[in-house]
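Just so it is clear, none of the values below were taken in a lab; they were calculated from the coordinates. Everything quoted here is computed from the prediction, not taken from an experiment. Note that each Cβ is placed from the backbone with ideal geometry, even for glycine, and that neighbours are counted across all protein chains shown.
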Amino acid sequence: MSLQLVDIGKPEVVTEADWTILADPQVESVAQAVARGFARDYGLTLEYEDAYQETVIIAAERAAYVRQLLAEAGAGLLHRWLSQRLRDRWLTEAKHRSGHVSYEAARHAAERTGQ
């Protein structure tokens, strides 16, 4: 048996999500496990429901690849792949958010400097 899975570096353009992928019990179970792990590890900034929603969106956007992973490598590799995709997506958003200054923080800084 030869395993040839290729996850392209450049993200493919998703024209339509395939939500039927969620009917597969393995996909549902893995998505829940990934979301629980992220809620546990990043609980202060990412809740279970948000992590789960992002995970199923990732799975639906790349449904053909998810099916290929399950067929050729099983649920373990799907778990790892979904975790990596969610981490990439979530960390990117977190980095963008960390660059923003809240209204309260900006106001407080302005009051301290006397502006």
Length-normalised contact order of the range 23-113, Cα under 8 Å, at least 6 apart, in percent, tallies to 26
For Tyr103 and Arg36, compute 0.36 nm times the residue count separating them, minus their Cα-Cα distance, and round to one decimal in nm. 20.9 nm
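Return the tail of the calculated pair distribution for the range 23-113, meaning the percent of Cα-Cα pairs more than 15 Å apart.
Numbers: 2541 of 4095 pairs.
Tail of the P(r) past 15 Å holds 62 percent of the pairs.
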Length added when fully stretched, Ala73-Ala110, from 0.36 nm per residue minus Cα-Cα: 7.7 nm
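Quick one: net charge of Leu22's neighbours, Cβ under 14 Å, K/R +1, D/E -1?
Numbers: positive: Arg62, Arg67; negative: Asp18, Asp24, Glu28, Glu54, Glu61.
Result for the neighbourhood of Leu22: -3.
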For the peptides 39-46, 65-72, 20-27, 102-109, what is the packing order when you average, over each peptide's residues, the other Cβ atoms within 10 Å and list the highest mean first? 65-72, 20-27, 39-46, 102-109
In whole Hz, what ³J(HN,Hα) sequence does the range 59-74 give by Karplus (6.51, -1.76, 1.60; θ = phi - 60°), x for Gly and Pro? 4, 5, 5, 10, 4, 4, 5, 4, 4, 5, 4, 4, 5, 9, 10, x
